Every structure is written in C-alpha cells, then in structure tokens.
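Have a look at the structure below, then the notes.
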Amino acid sequence: MVSEDTVVFGPQSGNSMETYGTEDPRIANDTHLFYMFYTCYGASDVLMCLATTADPASSRWTRHGAVFPELQGSKSGALLIRDQPPNYLYWGAGEIRVAASDDPLVWPSAGGDMFLQPRANMFDSMGVESGPPPLKLQDGNYFFIYNSWNLTWPSDPTSQYHPAWVVLDKKDPTVIVQRASEPFLYPTLAWEQGVAPYTCNAPRVLFVEGAVACGNDVFRIFFGGADAVVGTAIIKVTTA
C-alpha cells in the first residue's frame with residue numbers, strides 16, 4: 001500500500017547521473033509497462049532519463065539511462081503511446097520538441113523537431129514546458145497540457161507560471177489544431193503563490209505534471225504549487 005510517506009523512486013546510490021537528485025516525473029503506460037521520463041541531476045549533467053516498471057506503486061524500477069545523452073538540459077518528457085506506432089515524445093523546457101519512435105525505449109539521438117515555442121506579448125512569452133502525456137478526447141483528437149511563464153518570472157512580482165493547452169490532430173499528433181489564448185488555471189491560492197506560512201520554493205507557480213481520464217472528456221490533473229506541494233483539480237474539455 002502506498003501512503004504519503006512512501007518512496008517509490010529516488011536517487012540511486014552510486015549512480016553518478018543522479019548524484020544531486022531526480023525530479024519532474026511524467027508517466028505513461030501501455031498494457032504491460034509504465035514508462036517514466038524524469039530529470040537526472042548529476043555532478044556535471046542535467047539530462048532527461050527513462051525508467052520502467054510493471055507496478056508503479058512498487059520500488060522495482062528498471063533504469064534505462066539518458067534518453068538523449070548528448071543533449072544537456074533535456075527534461076520534461078511526455079509520452080504519447082499510440083495503438084499503432086509511431087509513438088511520440090513531447091519534451092523540453094523553454095521550448096518543446098517532439099520525437100517519434102516505434103519503440104518507447106529508443107529515441108532518435110537528435111531529439112526530434114521543434115513543436116511549440118513561446119509567443120511574444122502573450123501569457124507564455126518567456127517559455128513553455130511539457131505537461132503530462134497527451135489525453136485522448138472523445139472526438140479522437142488529443143488534449144495536451146503545457147506549462148508556461150511570462151515576463152521575467154520569477155523576479156517580476158506580476159509574472160506567473162501557469163498551464164495552458166493545445167489540441168493535437170488525431171491522425172497526426174505533431175499537428176496543432178488549436179492553441180489556448182489564455183491559461184486555464186492560475187496560481188491564485190496562498191499555497192500556490194508560496195505566501196507565508198506556506199512553503200515556497202518558487203513563487204506563483206501552478207505546474208501540471210500528471211493527469212488521468214475520468215470519462216466524457218473530464219480529467220483529474222495533479223499539479224505543483226509554489227514548487228513545494230501537490231494539488232489536484234478536475235477539468236472538463238468542451239468543444240464548439
């Protein structure tokens with residue numbers, strides 16, 4: 001049984017890639033395996049790594065090392081597993097790239113193509129970062145949540161880190177059908193803003209990393225508040 005004190009994954013003793021820790025997990029699964037993309041912090045490297053397990057509630061994970069060993073600073077991988085390959089990996093912070101592969105364990109070393117970039121004078125003007133794996137909608141398209149920040153976050157007190165979305169084409173998920181004109185959530189609560197007495201590792205942050213389908217285009221999302229605590233919310237996607 002998993003409790004709030006259970007550790008199912010953490011830095012591996014003796015693993016130089018994880019000397020300073022592991023963070024930012026995003027998990028996708030097929031019928032028999034869970035794939036977790038996470039950030040490895042080593043003494044001289046910051047790389048996106050991959051681990052797999054048949055039971056994510058256990059501590060029995062198989063590490064597969066860096067996904068893109070030559071791409072320093074790679075992180076935030078959201079895997080879309082398709083019924084028929086290729087599968088797609090949306091990854092990156094600052095800008096988001098997309099890579100394609102028939103095998104979720106093996107990805108092209110170059111890291112794929114540019115997918116999503118910041119937009120000038122918008123809420124996502126300074127950067128975008130992958131959220132959880134894309135979520136399939138009833139019409140067959142995919143709802144992909146990305147995180148973003150504006151102005152000069154976090155130094156500017158009016159700036160925020162907040163989630164938005166794009167809709168991906170059901171036939172070709174590298175094609176964006178629609179992109180949000182504003183965030184769908186803001187860090188408005190004290191524990192999301194990091195206001196005392198709440199813990200604050202980064203101010204004014206609402207950062208989505210996990211999501212599960214509840215049916216009828218309703219999803220439960222899991223997000224970080226002020227880079228210190230975990231929150232959850234229910235969202236419903238409606239189409240015109």
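The values are calculated or read from the model by the stated rules, or taken from the named source; none is laboratory data. The shown structure was predicted, so the numbers you read here are calculated from the model rather than taken from an experiment. With ideal geometry, Cβ positions are generated from the backbone for all residues, glycine too; neighbour counts draw on all protein chains shown. Accessible surface areas use protein heavy atoms only, side chains included; no ligands, DNA or RNA. Shrake-Rupley method; radii C 1.70, N 1.55, O 1.52, S 1.80 Å.
Scan the range 171-229 for residues that are in a loop (DSSP other than H, G, I, E, B), aliphatic (A, V, I, L, M) and either closer than 26 Å to Ala99 by Cα or open to solvent by 20 Å² or more (accessible area, probe 1.4 Å) (or both) and report the count.
7
Name the residues in the range 121-151 that are touching a Leu at 6+ places or on another chain (Cβ under 8 Å), part of a loop (DSSP other than H, G, I, E, B) and not small (Gly, Ala, Ser), would you?
Passing the criteria: Met126, Pro133, Pro134, Asn141.
Would you please name the residue that is nearest to Asp172 (Cα to Cα), looking only at residues in the range 58-114 that are β-branched (Val, Ile, Thr) and assigned to a strand (DSSP E or B)?
Applying the filter and picking the extreme gives Val98.
Would you check which residues across the range 12-28 are in contact (Cβ under 8 Å) with a residue 24 or more places away in the chain, of a type outside the set (D, E, K, R) and under 22 Å from Val230 (Cα atoms) and list them?
Thr22, Pro25, Ile27, Ala28, listed by residue number.
Looking at the range 50-93, which of the residues that are modelled with pLDDT of 95 or more and among the hydroxyl-bearing types (Ser, Thr, Tyr) is surrounded by the most Cβ atoms within 10 Å (Cβ to Cβ)?
Out of the qualifying residues, it is Tyr90.
If you scan the range 1-40, which residues turn out to be in a loop (DSSP other than H, G, I, E, B), within 15 Å of Thr52 (Cβ to Cβ) and aromatic (Phe, Trp, Tyr)?
Listed by number, the list holds a single entry, Phe9.
Determine which member of the set Asn141, Asn121, Asn147 is within 20 Å of Lys75 (Cβ to Cβ) and either touching a His at 6+ places or on another chain (Cβ under 6 Å) or of a type in the set (S, T, N, Q) (or both). Let's see the steps before the verdict.
On the way: Asn141 fails: within 20 Å of Lys75 (Cβ to Cβ); Asn121 fails: within 20 Å of Lys75 (Cβ to Cβ).
Every option except Asn147 fails the conditions.
Residue by residue through the range 24-40, note down the ones that are modelled with pLDDT of 95 or more and more than 20 Å from Val208 (Cα to Cα).
Result: Leu33, single match.
For a quick check of your reading of the model, give me the residue pairs whose first member lies in the range 148-175 and is on the phi > 0 side of the Ramachandran plot, whose second is of a type outside the set (Ser, Thr, Tyr), with beta-carbon atoms closer than 9 Å and at least 6 apart or on different chains.
Listed pairs, sorted by first residue: Leu151/Met126; Leu151/Gln160.
So, Asp102, is that one out of contact with any Leu (no Cβ under 8 Å at 6 or more places or on another chain), at pLDDT below 95 and open to solvent by 20 Å² or more (accessible area, probe 1.4 Å) or not?
When the stated conditions are applied, Asp102 does not pass them.
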